[in-house]
Amino acid sequence: MEQRLKIQEAIPTAWETLYGLEKYLHTLSLNPIYKHLIRIRASQINNCGFCINMHTKEALKDGETQQRIFLISAWKESNLFSEEEKAVLAITEEITNISGHGLSDASYQKGEELFGKDTLAQIIMTAIAINSWNRIAISTKL
């Protein structure tokens, strides 16, 4: 597969702006495991091989287990994920599949109950960011 244009070269200010968001998200207190779950699950849904590869390697490096990574796509049926992690994954799926119905009231309320507004905002922004990166990678055949 031949890569198409390089967004970072074609419109570097846009790339730097999105990269700036990513750098900002790294400064937040969101649990690193939640970040990995968000990035891997959204990338799976979007079929972004580049990002799945990158984020599973990062998760393994940070201590995530292979078994849990293998089961992320079947998290609803797994007992390996906590209530909080399942809430993160539900929010991620609903944001990623936004055309279905968007972030449901039930998932939003559960997230706010479990995490509070600040952490919920971090979860939402992390999901938005990875979806942006997935779309760049897929559109440009990165």
statement: When every residue in region 21-56 that is among the hydroxyl-bearing types (S, T, Y) and either free of Cβ contacts under 8 Å to residues at least 24 places away in the same chain or in contact with a strand residue (DSSP E or B) (Cβ under 8 Å, 6 or more places away or on another chain) (or both) is compared, the one nearest to K141 (Cα to Cα) is T56
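In this structure, is Y34 of a type in the set (F, W, Y) and either exposed (fewer than 14 other Cβ atoms within 10 Å of the Cβ) or in contact with a Pro (Cβ under 8 Å, 6 or more places away or on another chain) (or both)?
no
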- prompt: For region 9-31, how many residues meet the condition of being among the polar types (S, T, N, Q), exposed (fewer than 15 other Cβ atoms within 10 Å of the Cβ) and under 17 Å from I130 (Cβ atoms)?
  reply: 2
query: Can you find a residue in region 112-124 that is more than 16 Å from N31 (Cα to Cα) and out of contact with any strand residue (DSSP E or B) (no Cβ under 9 Å at 6 or more places or on another chain)?
result: yes
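Part of a loop (DSSP other than H, G, I, E, B) and either touching a strand residue (DSSP E or B) at 6+ places or on another chain (Cβ under 7 Å) or at pLDDT 95 or above (or both): does that describe L142?
For L142, the condition - part of a loop (DSSP other than H, G, I, E, B) and either touching a strand residue (DSSP E or B) at 6+ places or on another chain (Cβ under 7 Å) or at pLDDT 95 or above (or both) - is not met.
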message: Among the residues in region 87-105, are any free of Cβ contacts under 8 Å to residues at least 12 places away in the same chain, out of contact with any Gly (no Cβ under 8 Å at 6 or more places or on another chain), part of a helix (DSSP H, G or I) and acidic (D, E)?
response: yes
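The values are calculated or read from the model by the stated rules, or taken from the named source; none is laboratory data. Fair warning: this is a prediction, and the values are worked out from it, not measured in the lab. Here the Cβ is made from the backbone with ideal geometry for all residues, glycine too, and neighbour counts use every protein chain on show.
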